[in-house]
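Colleague: Quick one: the structure is below, and I'll ask about it shortly.
Nothing in this text is a laboratory measurement; each read-out follows from the coordinates by a stated rule. Here the structure is a predicted model, which is why all the values come from computation and not from measurement. When we count neighbours, we look across all protein chains shown, and the Cβ atoms used for this are built from the backbone with ideal geometry, even at glycine.
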Amino acid sequence: MNPETLIDSYSFTVRPLTAADGGGYLIEYPDLPGCVSDGETPEDAIRNGRDAVLAYLRSCIQHSDPVPRPRPEVRAARVPASLDVQVIRKRTGLSQAEFARRYGFNVRTLQDWERGRGMPDGAVRAYLTVIAKTPKAVEKALA
């Protein structure tokens, strides 16, 4: 079995880490218990996660442990319970006004979130998570 052919078969979640946890982003693979990684950006976390999956699968093979199979069922979206809106915006390199205009937010609401006055609801947290992971794809979709 070639573990490299399985890397992209496993679903994962990426979530921002709080400043208290060191910042950056954490990636977790629910089908691979204990297989986690992190990175400064969502892209770094995904890249590092691929390395973690490969190491995990190689370890299973080396120790004659069963290789977990990816679950094919459809999964519910995993929306983070909280996120740091300011970190997401700053990583785009946009001002508050530019970020609000580009992604369809009210600038005052964005300012409130960044100051800790309120938290986006679940759908908005999901949208912000997508912006954090793939801002260019969101911009293209909204163009």
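Colleague: Springs between alpha-carbon pairs under 10 angstrom, Gaussian network model over the chain: which of Ala45, Ala20, Ala55 fluctuates most?
Modeller: So, out of Ala45, Ala20, Ala55, the one fluctuating most is Ala20.
Colleague: Excluding same-chain residues fewer than 8 positions from Lys136, which aspartates and glutamates have a Cα within less than 19 Å of its Cα?
Modeller: Qualifying aspartates and glutamates at Cα under 19 Å: Glu40, Glu43, Asp44, Glu98.
Colleague: OK, next. If you take the square roots of the eigenvalues of the alpha-carbon gyration tensor of the stretch 3-62 and sort them as a ≥ b ≥ c, do you get rounded (a/c under 1.5), prolate (a/b over b/c) or oblate? All intermediate terms of the calculation are to be shown ahead of the outcome.
Modeller: Numbers: a/c = 2.35, a/b = 2.12, b/c = 1.11.
Here the stretch 3-62 falls in the prolate category.
Colleague: Pick out which of Ser64, Ser37, Ser82 has the largest mean-square fluctuation in a Gaussian network model of the chain, springs linking Cα atoms closer than 10 Å.
Modeller: Taking springs between Cα atoms under 10 Å, the residue moving most is Ser64.
Colleague: Please tell me the relative contact order of the stretch 85-142 in percent, rounded to the nearest whole number, where contacts are Cα pairs under 8 Å and at least six residues apart.
Modeller: Values: 31 pairs, mean separation 20.8, N = 58.
36 percent.
Colleague: Using only the alpha-carbon atoms, how far is helix 42-62 inclined from the longest principal axis of the chain? Give it as 0 to 90 degrees, nearest 10.
Modeller: Once rounded, the angle reads 10 degrees.
Colleague: Return, for the Cα atoms of the stretch 85-142, the radius of gyration and Dmax in Å, separated by a comma.
Modeller: When restricted to Cα atoms, the stretch 85-142 yields Rg and Dmax of 10.4, 30 Å.
Colleague: Let me ask another. Quick one: length gained pulling His63 to Arg101 fully straight, 0.36 nm per residue minus the C-alpha distance? Intermediate results must be reported in sequence, preceding the final value.
Modeller: On the way: separation 38, 0.36 × 38 = 13.68 nm, distance 5.30 nm.
Length gained, His63 through Arg101: 8.4 nm.
Colleague: Further question on the same structure: Between Ala137 and Leu17, what is the FRET efficiency for a Förster distance of 25 Å, r being their Cβ-Cβ separation, to the nearest 0.05?
Modeller: Working: r = 22 Å, r/R0 = 0.90.
My answer for the efficiency is 0.65.
Colleague: Quick one: if you stick a label point 7 Å off each Cα along the C-beta vector at Val130 and Ile46, how many nm between them?
Modeller: Simple spin-label model gives 1.4 nm for this pair.
Colleague: Here is a further query. Give, as a single signed number, the net charge of other residues whose beta carbon lies under 15 Å from the beta carbon of Pro120, with Lys and Arg counted +1 and Asp and Glu -1. Mind showing how you got there, number by number?
Modeller: Values: positive: Arg15, Arg89, Arg108, Arg115, Arg117, Arg125; negative: Asp84, Asp112, Glu114, Asp121.
Its environment carries a net charge of +2.
Colleague: With contacts defined as alpha carbon pairs under 8 Å and 6 or more residues apart, what's the relative contact order of the chain in percent? Display every interim value, and only then the final one.
Modeller: Values: 157 pairs, mean separation 25.8, N = 143.
RCO, the chain: 18 percent.
Colleague: Also: Just one of (i) 46.9, 161; (ii) 17.3, 57; (iii) 16.0, 51 is Rg and Dmax of the Cα atoms in Å as worked out from the coordinates here. Which one is it?
Modeller: (ii)
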